[in-house]
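Take a look at the structure below.
We did not get these values from a lab; they are worked out from the coordinates using the rules stated. Just so you know, these numbers come straight off a predicted model, no measurement behind them. All Cβ positions, glycine included, derive from the backbone under ideal geometry; neighbour counts span all protein chains shown.
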Amino acid sequence: MRSTFRWLEVAFWLVLVAGYVLWPGKLPLASQVLIAGLFALSYDLVLGYAGILSLGHAAYFGVGAYTAGLLAAHGWGEPISGLMVAGLVAALVGFVTSPLVVRGTDLTRLMITTGLGLLLFELANRLGTITGGVDGLQGVEMQPLLGALRFDIYGRTAYGYVLVVVFVLFLAARRLVRSPYGLSLRGIRANPGRMRAIGCRVDLHLAAIYTFAAAYAGVAGALLTQTTQFVGLDVLSFGRSAELLVMLIVGGAGLLYGGFIGAAVFMIAHHVLSSLDPVYWQFWLGVCLIAIVLVGRDGILGAGRRLLTLRRRRPVTVTAS
Amino acid sequence: MSGRLWGALSFAVAAIVSAGAAAQDVVRVGMIAEMSGPFAETGRQMVNGAKAYQKVFGETVGGRKVELIVRDSTGPAPEVAKRLAQELLVNDKVDFLAGFGLTPNALAVAPLATETKKPMIVMNAATSVITQKSPYIARVSFTLAQVAAPLGTWAAKNGIGKVYTLVADYGPGIDAETAFKKTFIAGGGEIVGEVRTPLRNVEFAPYLQRIKDARPQAVFIFLPVGEQPVAFMKGFAERELDKAGIRVIATGDVTEDGQLEAMGETPLGVVTTHHYSAAHDSAQNRTFLKAFADVAGPDFKPNFMAVGAWDGMAAIYEAIRRNGSGPIDGDRVLAALKGLKIDSPRGPIMIDPETRDVVQTVYVRRVQKRGGRIYNVEFEQIPNVKDPGK
Amino acid sequence: MASLLGVLFDGLAYGMLLFLMSVGLSVTLGLMNFVNLAHGAFAMLGGYVCVVLMQRWGVPFLGALLLAFFASAVAGVVLERLLYRHFYRRSHLDQVLLTIGLVFVAIAIATWLFGSQQQPLRLPPILSGQWTLVGVDLNVYRCFLLAVGAVLAFALTVVLERTRFGAAVRASVDDARVAEALGIRVSLVFQLTFAVGCGLAGLGGALGIEVLGLDPTFPLKYIVYFLLVVAVGGTGSLKGPLLAALLLGVADVAGKYYLPQVGAFILYAIMVLLLIARPQGLVARA
């Protein structure tokens, strides 16, 4: 079992590398799927591992996107340093807001995160002279990557750049969730009361993972800005948070890869369905969601895993609290 | 069995060869429009407007077939618009980019038009700055400042001395407010109060009360199309601001033709300035309305967004004609578009040779009942209005 | 003084509208503890039923309101049997997903049936216009909303706290197994309660068109407003949401009137602050 999974993991990343030649005409879409996947990975840490139900995760994505955009619009167009600054700023915002999010019931958390997201959206709209408001931030111009590789129209540079960044961050997250700290998070999700009783500082642990996830979301936002060379107010929208939830669940939460699978299926299905009949994409999306919660709760990845597992094991269920 | 296979194969080969031959004679127009999400109405208007044009004038021009490829930008999503544009340019090898209902989508794509030297026809997005973002952009729709500024002049000239402005607190609202105030004050008018309302506002009572307290002669409003203008007009009537001697003046988005239905009789008498009304009396408009009904069904009422797409197609057809038989060349197309005059359903329009933005007649209209239905009836016109935002 | 009273009146009326919009959710989410994000879909159904009845068949407004209630209640019963009842014991996350899925489907169906434009609503003349009382303008429809809200809040509280059925609901929600053992038909109680919750959603939707408008994106557009009232008010009672709605309504209107520059932030900021101060809601479940 363990070795199959490892092998699958290697195959997963190899396919992505091969994607450079396999789908040359679809590199822009592939980059955006990877970015959405990274964003979903960040949300997976919050929801799948720490059990915090949030509908305002776009706040950190947006902070990262605007940070990278504003840097580039004001002359700091070097991508990698911009990416780091964006991640740090998002982490800072995540750290400051984390005390508000780690307490309360599911409903309270849901509403506080939603409220914070909406407040940030309004703020970005109101600061139109800085952010460009609904018209979007203009003048984002990126310098060539590593001083040599221009962001081209085919999306080749962008794809390579995104893939490397996502891979590195994925490795870090993988280490994190398999560390003792990661295990304590799972413990908190399963039973916070008991974790407290055995001396685990639950609030502190949750705040730490929330901050970490915010940094990831910020980097994802910054990648989107840098590869699009534009920032729209929609990076902060409620819809983006809601879609994120859908993506992660479609893929399977609490499994690290779920976000990538979910993002790929969601965005490709959207792409295909909306070119068939753009108006009713929502209908089929809704039907799929209902079917997924009715049938397999742990998403595509969970279903695949059950198929792979010959021994009958308790399926990994996702519970939020 | 094998005979049938051969038959199928040779048929396929023949199809590919003929497609290859035909490719020379096909001009592809990649249309990026908002087909789903909260702005789906915009996209549906545009696509049907473009299809209506093709229905009347045919799918071929100068011996070439014009193929429309529609892609859904899903709403205000610049990264999606840009990605779709990349795919259209790289995979579908389109000769024109067109559509664009929302400003951020158009702005995100602009650099690609410059890089690939492909003409980009903006059919709706109304922020002044768009055409300055690439020398390959031409706009056939309107800009907000273009329709808001004449209203300021008209109001000052027609006995309205004191105005309160109420606009939604976002880019377009602020543009409309700025343009209106400039001409209104220049004409001798006085702004007695101004307020900017939240983007997603549903409760107008406190604002209406403020306006009532200030006792202006008129209130100028700009609100995003949707429930807000309806809510404002209803509140305005309910609170009897009209009886307090206050009038409503606005840009035409507020009394957009499709939306008048939901407002009931509350907007009767409202004066707006805009570039198109479904009630515009001309042969071109009748042709347009009939074609649109044929394409989209009788229940779907066209508005200025559909006209924008119609005129966009007219510009593209004329550009193809003037391009000649060679491959579509961006610079040649832009040269053809500069100064191009179109006999539009809204009246005569021209693409400004300097700014590549639209120059057109702006109409002053009053909401009136005509034969049981409510229309924006044009009663004054200001010809050759340029975008004052540049 | 007159302006202060006017603001207070408008604020209370707006608060009452928020209450009416979310009272159904106070039942399904607040009492039954089901995170029903599809509340807005039931409200939208009520809205469309009301508009269609009035437009096409000339049903009077009050009659259309009642029918909107019943239409949504019936839809609620059907969906409860088909989908919801399998999810009572599932996690909140599953409930969120199911109901978001329902919202998407509802939006698509509404677009298909009615198109994406705003729907018109003509109030009867008796409910339009305004009265003036000691210099304060009282909008007639807002008075009507206040009255309907007060009556509903009173009636629901009485049913919940004073009747056998109310006791059965509370018992079933608190401990289904024990309630079942006591002879309460929990499944039927849940079904009825859910139907009432959906019916109230439909009624709220129909009452809200005049102010909020009606188009297919309704369930998503106002989702925050519905949840806001229940989350701030607290689950388990109707007093909490009522208090929360009135408080938020007055704060929002007063903020917009006196400090229009920060209008957009007031509602959300108050929500976040109240939730931080009282994570369990204003009136917490005992």
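For the reader, a short list of remarks on this structure follows.
- Computed over the range B:304-390, the P(r) curve from all C-alpha pair distances, binned at 5 Å from the origin, holds 3, 13, 18, 20, 17, 11, 7, 5, 3, 2, 0 percent per bin.
- Cα gyration tensor, the range A:2-312 - rounded (a/c under 1.5), prolate or oblate: rounded
- Longest DSSP-loop-exposure-free segment, trypsin sites (Lys or Arg not before Pro), chain C, at most 13 other Cβ within 10 Å: C:186-286
- Share, in percent, of DSSP beta bridges within the protein assembly as shown that are antiparallel, nearest 5: 45
- In degrees, nearest ten, helix C:223-233 long axis to first principal axis of chain C (Cα): 80
- Cα coordinate range in the range B:242-390, projected on the principal axes (Å, largest first): 63, 38, 21
- With kT/(6 pi eta Rh) evaluated at 37 °C and eta = 0.692 mPa s, and Rh the Kirkwood radius from Cα pairs, the range C:1-48 diffuses with a coefficient of 267 µm²/s according to Stokes-Einstein.
- Taking A:V96, C:V173 and counting other C-beta atoms within 10 Å, the order from fewest to most: A:V96, C:V173
- Restricted to Cα atoms, chain B shows a radius of gyration and a Dmax of 22.6, 88 angstrom.
- Looking at the range B:32-70, the GluC sites (Glu not before Pro) that sit in a DSSP loop and have at most 16 other Cβ atoms within 10 Å of their own Cβ are B:E59.
- Enclosing the Cα atoms of the range B:85-235 in their convex hull gives a volume equal to 111 cubic angstrom per residue.
- For the options C:P120, C:P241, C:P260, a Gaussian network treatment of chain C with springs between C-alpha atoms closer than 10 Å singles out C:P260 as fluctuating the most.
- For the protein assembly as shown, projected area of the alpha-carbon convex hull averaged over all directions, nm²: 43.6
- Reduced Cα scattering model of the range A:1-108, Debye log10 I(q)/I(0), q = 0.11, 0.18, 0.21 Å⁻¹: -0.53, -1.07, -1.15
- Against chain B, whose longest principal axis comes from its Cα atoms, helix B:283-296 is set at around 70 degrees.
- Both the radius of gyration and Dmax for the range C:71-112 are 11.2, 34 Å, in that order, over alpha-carbon atoms.
- Beta bridge orientation in chain B: antiparallel %, DSSP, nearest 5: 40
- When the C-alpha to C-alpha distance is required to be over 26 Å, the pairs from B:K51/B:K93; B:K181/C:K256; B:K390/C:K221 that qualify are B:K390/C:K221.
- For the range C:2-277: rounded, prolate or oblate by the Cα gyration tensor [a/c cutoff 1.5]: prolate
- Quotient of C-alpha Rg and 2.2 N^0.38 Å, computed over the range C:1-146: 1.25
- Ranked by how many other Cβ atoms sit within 10 Å of their own Cβ, fewest first, the residues B:Y136, B:Y276 fall in the order B:Y136, B:Y276.
- Against chain B, whose longest principal axis is taken from its Cα atoms, helix B:78-90 shows a tilt of about 30°.
- Footprinting exposure proxy ranking of B:D343, B:D329, A:D106, fewest other C-beta atoms within 10 angstrom first, gives B:D343, B:D329, A:D106.
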